[in-house]
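A.B. asks: Below are the structure tokens for one structure; questions will follow.
The values are calculated or read from the model by the stated rules, or taken from the named source; none is laboratory data. Keep in mind the model is a prediction, meaning the values are calculated, not measured. With ideal geometry, Cβ positions are generated from the backbone for all residues, glycine too; neighbour counts draw on all protein chains shown.
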Amino acid sequence: MALQPVHTDQEKSQLIKLKAGDEKAFDYFYRLYSLPIYRKLLKMVKVEFLAEDLLQNVFIKLWDKRELIDSDYCLKGYLYQMAQNSVYDFYRSLAREEKLQVAVKNRMTELTTEVEEKLLFKETHDLLTSAIEQLPQQQQMVFKLCKLEGKSYEEVSEILGISTSTINGHIVKATKKVKMALLASHDVAFLVFLAVLTKLK
């Protein structure tokens, strides 16, 4: 809305007083323009309490910036511009807040996932370690060397001095016992190790 020249001497007089910090002049303009400004805001935001808050912000800014008012122009034009800008500022702020909320939520989800994964890994590792420790000593050694350290049967045969067929027998028995121990735990951590367990056949 283009600014219009002041139409009455009374308004110009009140504008001069407002610029000087006269609270009665402020009240005069509030009574004169608050209702039409409120209606404009309500038309823009469609929410009564929000329009009321924005209206108060408009008049707070008017008081804070009163010294910048040009008393040669009608205050109504300034107020309409301020009302429109306040709505734009509100929506920009809202958009930034939504983006911030999304960013924070995403990061919190990532952090939660990271923490959960670490806890799940530790829990599963502890279960697997406990299951292995329940094996007979030679089965433990064979299982650790073959399944955890990735050594071949031939390498384990040389280390332990036993045949590859004996190693295979230990692996079959140890794998079955480890699987049963993890299944018996009824823990979701077992699912994470499913991929590993498929290699324990």
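A.B. asks: Step by step: first the residues of the stretch 54-80, then only those that are at pLDDT below 85 and more than 17 Å from Gly21 (Cβ to Cβ), then the one that is surrounded by the most Cβ atoms within 10 Å (Cβ to Cβ). Which residue is that?
C.D. replies: Cys74
A.B. asks: Also, I was wondering about something else. Only one residue in Ser34, Ser86 is at pLDDT 90 or above, assigned to a helix (DSSP H, G or I) and either in contact with an Asp or Glu (Cβ under 7 Å, 6 or more places away or on another chain) or surrounded by fewer than 18 Cβ atoms within 10 Å (Cβ to Cβ) (or both), so which one is that?
C.D. replies: Ser34
A.B. asks: Scan the stretch 56-78 for residues that are of a type in the set (D, E, K, R) and part of a helix (DSSP H, G or I) and jot them down.
C.D. replies: Residues satisfying the conditions are Lys61, Asp64, Arg66, Glu67, Lys76.
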